[in-house]
Amino acid sequence: MANITFPFPYPEHLGIMLPEILLAVLAMALLLWDLFVPKEKKGMIAWAAVASCVVTLIALLQLPAGDSLHTFYGYFVLDPFAAYAKVLMIAATVLAIFLSLDFMKDEQNVGEYYCLMLFALLGMMFMVSATNFVVMYLGLELMALCVYVLVAYQRDVLRSSEAGLKYFILGALSSGMLLYGLSFIYGVTTDFMFAGIGEALRHVEDGSRLAVLLGMLFIIAGLAFKVSVAPFHMWTPDTYEGAPTPVTAFMSVAPKVAGFVVFIRVLADAFPALQTEYTTVLSVLAVLTIGIGNVAAIAQRNIKRMLAYSTIGHVGFMLLGLIAATQEGYSGAMVYLTIYLFMNMGAFAIIVLMRRDGIQGELLDDFAGLARVRPGYALAMGLLLFSLAGIPFLAGFWAKFAVFAAAIHSGHIWLAVYAIVFSVVGCFYYLRVVKYMYFDKERVAFNFIENPVMQATVVVTSLAVVIFGLYPKPVMAMCSAAVSMF
Amino acid sequence: MIEAFFFYVFAAMTVLAGAGVVLARNTMYSVMWLIFCFFNAAALFFMLDAEFLGIILILVYVGAVMVLFMFVVMMLEVNKARLREGFLQYLPTGGMIALMLLIELIGASSSGVFDNEKVAAVGHLGAEVNNTVEIGKVLYTQYLLSFEIAAVILLIALVGAIVLTLRSRDDVKYQNISKQVNVRKEDRMKTVKVKS
Amino acid sequence: MQDMTLSSTELLLIPALPLIAALIAGLFGWKLKESLTHWICCVGVAVSALLSIDVFMQVLDGARFYGNFWSWVISDHFVVPVGMMIDPLTAIMMLTVTIVSACVHVYTIGYMHGDPGYTRFFSYISGFTFSMLVLVMGNNFFTLFFGWEAVGLVSYLLIGFWYRRESANVAAMKAFIVNRVGDFGFAIGILAVWYYFGTVDYHEVFAAVKPFVEQGISLHFLGWQMDAITFICLALFVGAMGKSGQVPLHVWLPDSMEGPTPISALIHAATMVTAGVFMVARLSPMFEFSETALAAVILVGAITAWMCATIGLVQNDIKRVIAYSTCSQLGYMFVACGVSAYSAGIFHLMTHAYFKALLFLAAGSVIHAVLADQDIRRMGQLRKYMPITYVTMLIAALALSGVPPFAGFWSKDLIIEAAMVRDMGWVSELAYWAVLSGVFMTAFYTFRMFFLTFHNSDRVPAATKPKLHESPKVITIPLIILAVGAFGSGLWGVYGLDIANAEVVQGFFGSSIFVLDAHNPLLKLELEEHHSFLLSAPFWFAVGGIALAYAMYFRESAMPAKLAAMAPPLYRFLLNKWYWDEMYDRFLVRPARCVGTMLWQGVDLATIDKGVIHRGLIDQVANGAARLRRMQSGMVFHYAFAMVIGVFGLLTWLILKA
């Protein structure tokens, strides 16, 4: 790189970064525009944020996503995998904005809220397009920083700021771990690029093996924190509970997509030479995650905490796809993420809709008798919960099927059996909510938010769950096309 | 030889300072230890011919960040005694694990990283090499994307800090001069006809 | 002539109309007016019946249809097509099903009038018609299975139609469970067909049977060997036994009389229960190649025919007498199929459908009149009050007994003669004597019931007497229509359709039924001289039965009681239906319940709920959850510590492994 002359050459294929550029510009414009919007018209900002997402999506979709294109000297890649993940994340962001519509009515700093969401999206988009650890780490920090602030958004609510602080401190610790591991890997391979590391690790001598293992382990730990894999999951329940519910919905889905995509890229591109080692590590983590997620959820009385553990459980199932380390496994994990997006967003939408006296329907008891008061919500919630539990023929079943099948095909039969056993345990706490809704008498006076957009979100997500359940082929096909290069 | 000696001196002091940050009873002392730690780290940078980084470390961290830290710490009045609660309770397990982890880390570090010829072969840079120019060359070409993202991160940090602190509070009384100046008679005065 | 094909639109309409009617009645019936609902259903089924007649006429002219409409399931090379196969066998079934069904629809208007589930009932019976049509019209095993299960479902719903009555619910469940046993065999048979032939299409399977048999593929299971084709046929026949109420799976059929009478007529006499017979005839190209399976069919049919006839002798419930007679007559049909006289079996199926439906509807008319009392001991002299019912029921009874020229005679006579000439060793010998003695008993119990109902002394309770009346026209008109069938369908079949033609291919059925020449009993009949009916044994047995019934029951006499007292154990044995129910209860139901209780108490409650280890699995999980919740202390340094321990543990493990 020493011979570069100024002015520096224009990066090739800059066009493939158009969505990110547009998003960054629009987000900043939003930030400025917010200053000029009078207080009673702040609702427009949400729609502007949605419009930004839509513009980004359109820009993304018009790009040739068929093969992988690089720009910025190979530091940024657009391939079907990244493109698919970006579509998912944009969808998650739009849904999260919809869920925020009512919540933001009583809050200050509306513009900054949506702007932070957009920047979080930007960070995640960089993450999934990163071909090296530097861009990946920066994208991750961009996303994380936005989410820290979003979690602590209700500054006057003690548990919100507490949650933000906890998440921040532990996040910093995990970033430290990630960087520490990175420095070991760099020390051995003198490279940041995934592909370069992967190549270098093939020829690594036995002497540095320990350093490589250590580096890999710390990197895995850092990434595992982001997708809440046990034992790096401890922040999840507290943060989910404390954060404003729309933010919980957002962070339970979008960063998981980004995290898993990065996870897959790192494992498949940077550490293929260490597959036996990382498979053992991930298996241990998966066993822990699945067990803790599904068992601890049973003891929860707060639905957000319960869904936090449910997320942990689902993340454990998704790990099976990574453990399989085959195209089928990666595709399975993507299928899982896709379906999980709709299931979780739908469930959170209903929780948000049940907001009363400033707090959203939080305790499980609040759901008692919902079927009598609002049969539609109860039906939608029931469908979503059944799907989360993995009952055929709802979408959640196919999600589990995809990863379990991949795990079995790659020889991890006992892991799959273990996962199936715990998914049965997991049914208990999902179905308990259904029982509350349908068989119990109402204990609190319901006070629903009447917001057509949010209601539409509920309808769309539960319909998606049913339709994917009955006809999972398109999702499966899209996902296997997305991971075709592995 | 002398280089190695100074390296070990600075490195040892960095570690010592790090331990001091954690172990100091008074938060103020912790901050001071941290500053000392940064100085030593900067010295290590200098020894690697990375003058630019060394200077930046001192200017930004010591000069700006740590001073800010000190203000914050002084304003917060952290209770010293409570911070130490349960320290002894966790010491045995925590200490054991820390010790073993340390051994493992040292083992890993000494195993292969420093034997690597590529790393060892980096010698001193010539006098004609300008640190700042070299960093600039890669920063604005190869690492441009990272640089831009870092810029966005800074923006977010700014926005985040403002969001979490600044807001208009209704429960505080303050003077709104423009409102006062713009007040009209009709706003304050109401003519009421009193039946006599 | 063979090139003519039927219009597929017309064919699709035949099952579609009842389906649409059923859906309308089922989904919107609660909103629509009752009269509108019954009009929709009746018109739907009636049009379907007219179309069936039209199709039947075209089939007589040689038209055929064979084709797939769409694919229901496509999974790799496993394809389930939805298609139809129309040939004389199908056509005659369609005709029977739709005509009887249409009569029952009209009859229902009168019979079910005022019932709270009126529209529901119409939805069910139209749905049943649809299912049965799918069953007979399909061109592959899976449509057959679909129809098979669908009629089973509707049957369950209809037996338990009065769901507030406990006995109805019990009977419905019994029917369902017993049918499940049969369906299990049936499903295995179909899967075996798919496994061995790789297709479920009738034409393809039938074409492959002969080479398949010549290959001599056999099946080994637990050191027990069997021809594959025999295995397939036996498995399929188990299904037929369940659906057609053959021993030992007959127990549900008499109990199914808990349902409303139109249903007894439509489902449990005329159509659904004959599905087994239809299936055996339809699959004649397969059964023909397995002597063992044919022998099993004969044996089961003969035992059922004889045994159920003996039970029918002493029953006092008017519908139960007819129900046992149904079992018995179905046994006749299976004997016919077993001796390779499939055409005779289907012929009897058709005639039986008319006269048995008539018998049931007439019985229903009687029950309607005496205010839902079904005990013939509390009837008598009813002919004075209900002349039309009396006459039509007499026709049905004569047809059932096998008195010429009524329908039953022609078909039953054919079966008995076929059983006589077919030589299959002791099996056919036994079958011959069973069906022959069955004729005597049939005639006896039919007329016992008939005389006790319409003649004898007047034993109607005083409270009901003023209300005795002839049923309304919607009830009597279907009776008259069916009476025409019960009278004429036999003559029509023999002289009009030439069903009895020994060369099946030249007769009515053409190529739709396959019989090996060596098996065909009708051919042998042809060789012997054609004697007059006066010389046939069955005729005299029937007359004898009627005469005995006349002697015992036409007027009130002490003879029956004396006879019963002569051999009380035998009488009780028959009255209690050979103790089949008690036997099932002792050997199947109770052990099953024992196992269930053991699993419940021992495994579920003891291990999972209360627990032998610690306090059971439930508590273990709950404890684990609580412990995990305590670990979630809320302290940041705990969380950080967990992360460090995680990394440390994994690292140590990796180092130790490496």
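The values are calculated or read from the model by the stated rules, or taken from the named source; none is laboratory data. Everything numeric in this text was worked out from a predicted model, so none of it was measured. Here the Cβ positions follow ideal geometry from the backbone for every residue, glycine too, while neighbour counts run over all protein chains shown.
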>> So, in segment B:22-81, how many residues would count as being free of Cβ contacts under 8 Å to residues at least 24 places away in the same chain and among the basic types (Lys, Arg)?
In response: 0
> Taking helices (runs of 4 or more DSSP H) that do not extend beyond segment C:540-658, which have at least 3 residues that are closer than 27 Å to A:GLY291 by Cα?
Replying inline: C:616-631, C:636-657
>> Condition (residue is farther than 21 Å from A:GLY313 by Cα, more than 10 Å from every other protein chain (Cβ to nearest Cβ), modelled with pLDDT of 90 or more and in contact with a Lys or Arg (Cβ under 7 Å, 6 or more places away or on another chain)) applied to segment A:183-196: is it met by at least one residue?
In response: yes
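Go through A:GLY313, A:GLY361, A:GLY321, A:GLY329 for me and flag whichever is under 30 Å from A:ILE449 (Cβ atoms) and either assigned to a helix (DSSP H, G or I) or modelled with pLDDT of 95 or more (or both). Full working, then the answer.
Numbers: A:GLY361 fails: either assigned to a helix (DSSP H, G or I) or modelled with pLDDT of 95 or more (or both); A:GLY321 fails: under 30 Å from A:ILE449 (Cβ atoms); A:GLY329 fails: under 30 Å from A:ILE449 (Cβ atoms).
A:GLY313 is the lone residue from the list that is under 30 Å from A:ILE449 (Cβ atoms) and either assigned to a helix (DSSP H, G or I) or modelled with pLDDT of 95 or more (or both).
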> Applying the selection to segment A:220-247, what residues are at the interface with chain C (Cβ under 10 Å from one of its Cβ atoms) and among the aliphatic types (A, V, I, L, M)?
Replying inline: A:ILE220, A:ALA221, A:ALA224, A:VAL229, A:ALA230, A:MET234
> Here are C:PHE56, C:PHE65: which of them is closer than 11 Å to C:ASP87 by Cα and part of a helix (DSSP H, G or I)?
Replying inline: C:PHE56
> Any chance segment C:438-449 includes a residue that's assigned to a helix (DSSP H, G or I), modelled with pLDDT of 85 or more and more than 30 Å from C:VAL366 (Cβ to Cβ)?
Replying inline: no
>> Please determine whether any residue of segment C:53-62 is closer than 25 Å to C:ASP201 by Cβ and over 27 Å from the mean Cα position of the chain (by Cα).
In response: yes
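Which one is surrounded by the most Cβ atoms within 10 Å (Cβ to Cβ) among residues in segment B:115-125 that are farther than 18 Å from B:PHE45 by Cβ and modelled with pLDDT of 55 or more? So that I can check it myself, show each step before the final result.
Taking segment B:115-125 first, the residues farther than 18 Å from B:PHE45 by Cβ are B:115-118, B:120-121.
Now restrict to residues that are modelled with pLDDT of 55 or more: B:115, B:117.
Working: B:ASP115: 14, B:GLU117: 6.
Per the stated criteria, the residue is B:ASP115.
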> Residues of segment A:87-114 being within 14 Å of another protein chain (Cβ to nearest Cβ) and not aliphatic (A, V, I, L, M), which ones?
Replying inline: A:ASP106, A:GLU107, A:GLN108, A:ASN109, A:GLY111, A:GLU112, A:TYR113, A:TYR114
> From the list A:SER129, A:SER52, which one is surrounded by 20 or more Cβ atoms within 10 Å (Cβ to Cβ), within 24 Å of A:HIS13 (Cβ to Cβ) and within 10 Å of chain B (Cβ to nearest Cβ)?
Replying inline: A:SER129
>> Which numbered condition in (1) crowded, with 24+ Cβ neighbours inside 10 Å; (2) aliphatic (A, V, I, L, M); (3) free of Cβ contacts under 8 Å to residues at least 24 places away in the same chain is the only one that C:ILE125 fails?
In response: (3)
>> What are the pairs with Cβ atoms under 6 angstrom where one residue, in segment C:144-168, is under 15 Å from C:GLY182 (Cα atoms) and the other, located anywhere, is among the aromatic types (Phe, Trp, Tyr) and assigned to a helix (DSSP H, G or I)? Sequence gap at least six, or different chains.
In response: C:TYR156/C:PHE176
>> It is to be established whether one or more residues within segment A:269-278 are crowded, with 24+ Cβ neighbours inside 10 Å and within 21 Å of the chain's Cα centre (by Cα).
In response: no
> Which one of the conditions (1) assigned to a helix (DSSP H, G or I); (2) buried (at least 24 other Cβ atoms within 10 Å of the Cβ) does A:TYR153 fail to meet, given that it meets all the rest?
Replying inline: (1)
>> Let me confirm something: among C:VAL647, C:VAL589, which residue is among the β-branched types (Val, Ile, Thr) and either touching a Lys or Arg at 6+ places or on another chain (Cβ under 6 Å) or within 9 Å of chain A (Cβ to nearest Cβ) (or both)?
In response: C:VAL647
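Only one of A:ALA24, A:ALA59, A:ALA46, A:ALA29 is in contact with a Pro (Cβ under 7 Å, 6 or more places away or on another chain), assigned to a helix (DSSP H, G or I) and more than 25 Å from A:ALA333 (Cα to Cα). Can you tell me which?
Going through A:ALA24, A:ALA59, A:ALA46, A:ALA29 in turn, just one is in contact with a Pro (Cβ under 7 Å, 6 or more places away or on another chain), assigned to a helix (DSSP H, G or I) and more than 25 Å from A:ALA333 (Cα to Cα): A:ALA59.
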>> With the requirement that a residue be modelled with pLDDT under 90 and within 10 Å of chain B (Cβ to nearest Cβ), what does segment A:139-181 give you?
In response: A:TYR153, A:ARG155, A:ASP156, A:SER161
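Among the small types (Gly, Ala, Ser), at pLDDT below 95 and crowded, with 19+ Cβ neighbours inside 10 Å: does that describe A:GLY396?
Spelling it out, A:GLY396 is indeed among the small types (Gly, Ala, Ser), at pLDDT below 95 and crowded, with 19+ Cβ neighbours inside 10 Å.
Just checking, how many residues over segment B:140-155 are over 16 Å from the mean Cα position of the chain (by Cα) and either within 7 Å of another protein chain (Cβ to nearest Cβ) or aromatic (Phe, Trp, Tyr) (or both)? Can you show your working first?
In the first step, residues of segment B:140-155 are kept if they are over 16 Å from the mean Cα position of the chain (by Cα); the result is B:140-149, B:151-152, B:155.
Imposing the further condition that a residue be either within 7 Å of another protein chain (Cβ to nearest Cβ) or aromatic (Phe, Trp, Tyr) (or both) reduces the set to B:140-147, B:149, B:152.
Looking only at that region, the number is 10.
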> Within segment C:98-112, is there a residue that is more than 24 Å from the chain's Cα centre (by Cα), under 30 Å from C:LEU283 (Cβ atoms) and among the hydrophobic types (A, V, I, L, M, F, W, C)?
Replying inline: no
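Looking only at segment C:367-405, count every residue that is hydrophobic (A, V, I, L, M, F, W, C), on the phi < 0 side of the Ramachandran plot and in a loop (DSSP other than H, G, I, E, B) and tell me the total.
Of the residues in segment C:367-405, the ones hydrophobic (A, V, I, L, M, F, W, C) are C:367, C:369-372, C:376, C:379, C:382, C:386, C:388, C:391, C:393-400, C:403.
Remaining after also requiring on the phi < 0 side of the Ramachandran plot: C:367, C:369-370, C:376, C:379, C:382, C:386, C:388, C:391, C:393-400, C:403.
After this cut, where a residue has to be in a loop (DSSP other than H, G, I, E, B) as well, the list is C:370, C:379, C:386, C:403.
Final tally of qualifying residues: 4.
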>> Looking at A:THR71, A:THR93 in this structure, which one is modelled with pLDDT of 95 or more and either in the same structural domain as A:GLY346 (by TED's automatic domain parsing) or in contact with a Leu (Cβ under 6 Å, 6 or more places away or on another chain) (or both)?
In response: A:THR93
